[in-house]
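The values are calculated or read from the model by the stated rules, or taken from the named source; none is laboratory data. Here the structure is a predicted model, which is why all the values come from computation and not from measurement. Every residue, glycine as well, gets a Cβ built from its backbone with ideal geometry; the counts of neighbours run over all protein chains shown. When the accessible area is computed, the model is the full protein with side chains, heavy atoms only, and any ligands, DNA or RNA have been set aside. Shrake-Rupley method; radii C 1.70, N 1.55, O 1.52, S 1.80 Å.
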Amino acid sequence: MERDANLMELLHRLDDPDCPETPADYNAADAAASFSRLAVQVGSRFSTPCGIDRDIQDSAQYGRIEVPGEATVCGTRIVALVSKFKPLAMVAADNPGAFLGTDEAQAEGELDANDLEKVEQVLAESGYITIPEELLERSYGGPTLLRFHGSGEPSWWDRFFGSF
């Protein structure tokens, strides 16, 4: 519970309504270099190249790293998303929203705990903090006016990883 409260405090602290898509101190070259190193390190832990997407338009998300299912114990790909608001990152089995978080994916036999640990360890070593998908799915209650394109209420995921 304390960890969740600390992570929610971090989300609130990074939420600047004057800078909805990138933080005020955002440096595109630094973000690109950090992301490239991260992708190589994740791939190294799984002994395979990972798919990457860093062309996320109109979003606070910087990029996506995909560990192919063939390289995981359970055969399900692992996706790591990195926000332009470093240090925020998240990890999902198959795709964000495919499960109600990594705990459910593990319970259903779709995500191996050691594979998850590999990704989370690389993220931590690279200066990222993994925010559980369950926290990011909470209703957004911050000051930024989101140009929300989904149904229902926007979430913290929409704020830091979704499209504007």
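Filter the range 118-164 for residues that are among the aromatic types (Phe, Trp, Tyr) and modelled with pLDDT of 90 or more and give the result. It would help to see each step written out before you state the result.
Filtering the range 118-164 for residues among the aromatic types (Phe, Trp, Tyr) gives 128, 140, 148, 156-157, 160-161, 164.
Selection gives Tyr128, Tyr140, Trp156, Trp157, Phe160, Phe161.
Scanning the range 91-124 for residues that are over 18 Å from Gly51 (Cβ atoms), among the acidic types (Asp, Glu) and open to solvent by 50 Å² or more (accessible area, probe 1.4 Å) yields Asp103, Glu104, Glu108, Glu110, Glu117, Glu120.
Among the residues making up the range 63-75, those that are farther than 25 Å from Arg159 by Cβ and buried (at least 21 other Cβ atoms within 10 Å of the Cβ) are Val67, Thr72.
Output the residues belonging to the range 1-11 that are surrounded by 12 or more Cβ atoms within 10 Å (Cβ to Cβ) and modelled with pLDDT of 95 or more. Spell out how you get there, then give the answer.
Of all residues in the range 1-11, those surrounded by 12 or more Cβ atoms within 10 Å (Cβ to Cβ) come to 4, 7-8, 10-11.
Scanning the range 1-11 gives Leu7, Met8, Leu10, Leu11.
Residue pairs whose Cβ atoms lie under 8 Å apart, sitting 6 or more positions apart in sequence or on different chains, and linking a residue in the range 115-127 that is more than 12 Å from Arg45 (Cα to Cα) to a partner that is open to solvent by less than 40 Å² (accessible area, probe 1.4 Å) and among the polar types (S, T, N, Q), are Ala124/Thr130; Ser126/Ser34; Gly127/Ser34.
Listed here are the helices (runs of 4 or more DSSP H) enclosed by the range 93-164 that have at least 3 residues being under 30 Å from Asp30 (Cα atoms): 113-125, 133-136, 156-160.
Please go through the range 13-62 and pick out each residue that is part of a loop (DSSP other than H, G, I, E, B), hydrophobic (A, V, I, L, M, F, W, C) and either at pLDDT 95 or above or under 17 Å from the mean Cα position of the chain (by Cα) (or both).
The first filter runs over the range 13-62 and keeps only residues part of a loop (DSSP other than H, G, I, E, B), leaving 15-27, 47-50, 54-58, 60.
Checking the rest, the ones that are also hydrophobic (A, V, I, L, M, F, W, C) come to 19, 24, 50, 56, 60.
Selection gives Cys50, Ile56, Ala60.
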